[in-house]
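Each value in this text was obtained by applying a stated rule to the coordinates, not by laboratory testing. Just so it is clear, the model here is predicted, and its values are computed rather than measured. Note that each Cβ is placed from the backbone with ideal geometry, even for glycine, and that neighbours are counted across all protein chains shown.
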Amino acid sequence: MFGLDKVDLWKWVDKLGDPYPLIRPFLFMLDPEDAHELTLKMLGFGLGPHFFGPDDEILKSTVFGVTFPNPICLAAGLDKQATRIDAFMGFGFGSIEIGTVVPLPQIGNPRPRMFRVAGAKALINRFGMNSVGVKVFTEHLEAWHKKKGRTTNPLGINISKNKDTTDDVADYITCFEKVAAYAHYVTINISSPNTPGLRGLQERERMAEVLKGVTDARDRLAPNLPVLVKIAPDLTDEQQADIAAVVKESKIQGLVVSNTTLARPSTIPDDLAKEDGGLSGPPLFGPSTRLLSTMYKSTEGKIPLIGCGGVSSGEDAYLKIRAGASLVQVYTALIFEGPLVVQRIKRELAQCLRRDGFANVSEAIGADHKA
Ligand SMILES: Cc1cc2nc3c(=O)[nH]c(=O)nc-3n(C[C@H](O)[C@H](O)[C@H](O)COP(=O)(O)O)c2cc1C
């Protein structure tokens with residue numbers, strides 16, 4: 001269009017002004033899940049942003065042996081079926097995490113299962129890990145892998161178990177074995193609040209079993225592939241200490257902190273607060289960042305952490321990094337701020353780093369604990 005390629009066109013859109021505030025009212029007239037599906041369709045037609053770097057050098061880092069062009073990444077749950085990898089990477093993310101995928105197809109909970117809390121720019125969801133199952137998921141991955149010109153930024157794959165399984169550990173191993181060849185890292189999800197009993201896998205012995213099962217499979221199949229664990233923000237002090245102990249004894253490479261919360265702070269109106277499910281967005285920022293900080297301290301800064309929960313600005317991302325995050329993930333901000341929020345977060349983060357005299361993002365990791 002007008003002699004510009006898509007990358008140049010989006011650079012101009014980014015400079016001239018964000019069109020999302022004009023589009024959002026129409027999307028918000030739709031049921032949240034319908035809006036989500038429409039967005040995936042539009043992305044499938046190539047209508048999303050095309051920000052494929054290069055990124056500001058100050059944002060580049062290597063975490064658990066993998067190089068990330070910038071630390072702002074997509075959280076799990078938006079591309080559950082592995083069909084929009086390049087489209088989401090085009091938002092400017094340093095990496096995206098796809099899934100959660102489970103071994104056998106499952107439809108999740110009945111609709112409605114996603115709610116906007118407009119005043120708090122938050123979401124409540126109880127999808128219940130709807131998934132095409134790992135067979136179809138890997139067929140999508142294989143097709144993507146063969147594509148010319150596909151993105152080469154790191155890809156994370158988030159795995160879990162079927163709701164009705166009789167063998168939790170075997171489910172994680174099945175998923176791991178199928179997706180390992182496509183992933184730059186794999187995240188074990190034991191923290192979604194909408195699968196009955198899943199969070200019970202965060203208990204000391206059960207968690208150790210899952211981690212051992214998956215890391216043994218990793219050592220056999222793909223010895224250099226980092227394995228991470230995603231935890232919930234709703235943990236007692238004792239549970240937090242147990243997790244830190246298990247992680248230190250295990251052969252995993254990192255933690256994602258955190259999933260959505262079951263808490264309902266006073267900013268959530270009563271009619272929505274009563275909906276079952278996990279809350280995400282700004283109300284989660286404080287609790288998830290406090291947990292991140294605790295995990296950084298209790299693992300002595302030796303285990304890379306991905307900070308996730310309520311990030312919608314460069315300052316938010318910077319606070320996560322200072323609290324101990326090596327990378328930062330975003331989900332809910334995309335719904336309320338639109339896709340250009342990723343470019344904005346990266347710009348603001350680079351400004352924060354320069355303002356405070358850091359030569360690169362890695363220098364700022366855990367800075368609050370060193371000050
Ligand atoms: C609609 C929705 C679906 C999600 N699905 C998943 C999922 O399948 N697996 C997962 O590990 N986390 C899932 N999450 C949690 C996010 O990955 C993230 O941990 C959480 O939303 C906090 O980040 P945010 O405040 O930036 O949204 C989902 C979140 C939302 C809002």
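Values for this structure:
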item	result
Full-stretch length increase - residue 203, residue 371 - with 0.36 nm per residue and alpha-carbon distance subtracted	57.2 nm
Size of electric dipole in the stretch 251-371: Cβ of Lys, Arg +1 and of Asp, Glu -1, about Cα centre, debye, nearest 20	480 debye
Solvent-free Debye scattering, log10 I(q)/I(0), computed from the Cα coordinates of the stretch 268-371 at q = 0.14, 0.16, 0.18, 0.20 Å⁻¹	-0.56, -0.70, -0.85, -0.99
Integer Hz, Karplus 6.51/-1.76/1.60 couplings in order for the stretch 272-281, x for Gly and Pro	8, 4, 7, 5, 5, x, x, 9, 10, x
Prolate/oblate/rounded call for the chain, Cα gyration tensor, a/c under 1.5 rounded	rounded
GNM top mover of 328, 136, 13 - the chain, alpha-carbon springs below 10 Å	13
Candidate lysines - alpha carbon under 18 Å from residue 11, same-chain residues fewer than 8 apart omitted	346
GNM result for the chain, Cα springs below 10 Å: residue of 149, 46, 307 fluctuating most strongly	149
Theoretical FRET efficiency, 1/(1+(r/R0)^6), r = Cβ-Cβ of residue 62 and residue 212, R0 22 Å, to 0.05	0.25
Prolate/oblate/rounded label for the stretch 81-174 (Cα gyration tensor, a/c 1.5)	oblate
From phi via Karplus (6.51, -1.76, 1.60), per-residue ³J(HN,Hα) for the stretch 306-312 in Hz, x at Gly/Pro	9, x, 9, x, x, 7, 9
Extension reserve of the residue 354-residue 164 stretch, reckoned as 0.36 nm per residue once the Cα distance is removed	63.4 nm
Cα-centred dipole magnitude for the stretch 6-370, charges only on beta-carbon of K, R (+1) and D, E (-1), debye, nearest 20	680 debye
Candidates 181, 325, 82: whichever shows maximal mean-square fluctuation once the chain is modelled as a Gaussian network with Cα springs under 10 Å	181
Long-range HN-HN contacts of residue 155 with modeled amide H, under 5 Å	184, 185
Farthest positive-ward along the stretch 41-183 dipole, Cα basis, beta-carbon charges - from 67, 98, 127	127
Compactness of the stretch 129-234 as Cα Rg over 2.2 N^0.38 Å, two decimals	1.08
Length released on extending from residue 28 to residue 237, taking residue separation times 0.36 nm less the Cα-Cα span	71.4 nm
Paramagnetic reach from residue 7 (point 7 Å along Cα→Cβ, amide N under 17 Å) across the stretch 65-92	69-70, 86-92
Charge dipole (the stretch 223-286, unit charges on Cβ, about Cα centre) - positive-most of 240, 267, 256	256
The stretch 1-131: C-alpha gyration tensor shape, a/c 1.5 cut-off, then a/b vs b/c	oblate
Lysines whose Cα lies under 17 Å from that of residue 161, excluding same-chain neighbours fewer than 8 positions away	80, 135, 178, 212, 230
Nonlocal amide H pairs with residue 256, under 5 Å, H built at 1.01 Å	229, 230, 231, 306
Shape metrics for the stretch 120-175, restricted to C-alpha atoms - Rg then Dmax, Å	15.0, 42
